[in-house]
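S.K.: Below: one structure in structure tokens.
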Amino acid sequence: MTGDTGRIFDELLLISARAGDRRAGERLAARWQPRLLRTARRLLRDEDEAVEAVQNAWAAICRRWFTLHDPAKFPAWAFTILHRKCADRIRGNQTDRARNAELTPDAGAVARGTPEDGLAIRQAIDGLSHDHRAAAVLFFGEEMTLREVAEITGVPVGTAKSRIFHARRQMKAALEGDA
């Protein structure tokens, strides 16, 4: 399914779910659960925390989808809710997060390369601050637009652009061994 077709299908599913079609809501969740979970894993760096954050995000999404006026904005809206749930978890579990820095392997994390490349990239992402990691994961990993990253993280577009720039530079340095 192409990007535009997928977005239109998501809009249709959301409209149907809001009209009471439970099956449409389940299909929407099935389509978005993997992406949200992958992002939560990268932000939280802990499988159990990520699963719980996504569950909390879906509960909020389902409770609030009537408030979303433009169904075309569903992706950014859903990631905004997830980002807030992850930020809440980070604030509430600072000490646990430091102990659980290892991510589980993510098959979608590296399109090509060796398992060592994937580990190096995950370690480079782990080395970023929360703000830079969130921007990088959304921009590079989830292929969100710069405007969507800004909306999701609640910052101006210029700030999102700066965070992506610095994240890219820090990751490059870490991968080249300069960090």
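The values are calculated or read from the model by the stated rules, or taken from the named source; none is laboratory data. Please read these numbers as outputs of a predicted model, since none were measured by experiment. Here Cβ is always computed from backbone atoms with ideal geometry, including for glycine, and neighbour counts include all displayed protein chains. Heads up: the accessible areas ignore ligands, DNA and RNA and are worked out on the full protein's heavy atoms, side chains in. Shrake-Rupley method; radii C 1.70, N 1.55, O 1.52, S 1.80 Å.
S.K.: Mind telling me which of the residues Gly154, Gly141 ends up being under 17 Å from Leu82 (Cβ atoms) and open to solvent by 50 Å² or more (accessible area, probe 1.4 Å)?
M.R.: Numbers: Gly141 fails: open to solvent by 50 Å² or more (accessible area, probe 1.4 Å).
Going through Gly154, Gly141 in turn, just one is under 17 Å from Leu82 (Cβ atoms) and open to solvent by 50 Å² or more (accessible area, probe 1.4 Å): Gly154.
S.K.: So, one more: Scan Ala24, Ala57, Ala17 and give me the residue that is part of a helix (DSSP H, G or I), closer than 17 Å to Glu151 by Cβ and of a type in the set (A, V, I, L, M).
M.R.: Working: Ala24 fails: closer than 17 Å to Glu151 by Cβ; Ala17 fails: closer than 17 Å to Glu151 by Cβ.
From the options Ala24, Ala57, Ala17, the qualifying one is Ala57.
S.K.: Say we look at segment 60-78 and pick out the residues that are open to solvent by 50 Å² or more (accessible area, probe 1.4 Å) and in a helix (DSSP H, G or I); which of these is nearest to Glu143 (Cα to Cα)? Let's see the steps before the verdict.
M.R.: Within segment 60-78, the subset open to solvent by 50 Å² or more (accessible area, probe 1.4 Å) is 62-64, 66-67, 69-70, 73.
From the residues that got through so far, the ones that are in a helix (DSSP H, G or I) too are 62-64, 66-67, 73.
Working: Cys62: 24, Arg63: 26, Arg64: 24, Phe66: 26, Thr67: 25, Lys73: 15 Å.
My answer is Lys73.
S.K.: Being modelled with pLDDT under 90 and loosely packed, with under 14 Cβ neighbours inside 10 Å, is that true of even one residue in segment 28-47?
M.R.: No, segment 28-47 contains no residue that is modelled with pLDDT under 90 and loosely packed, with under 14 Cβ neighbours inside 10 Å.
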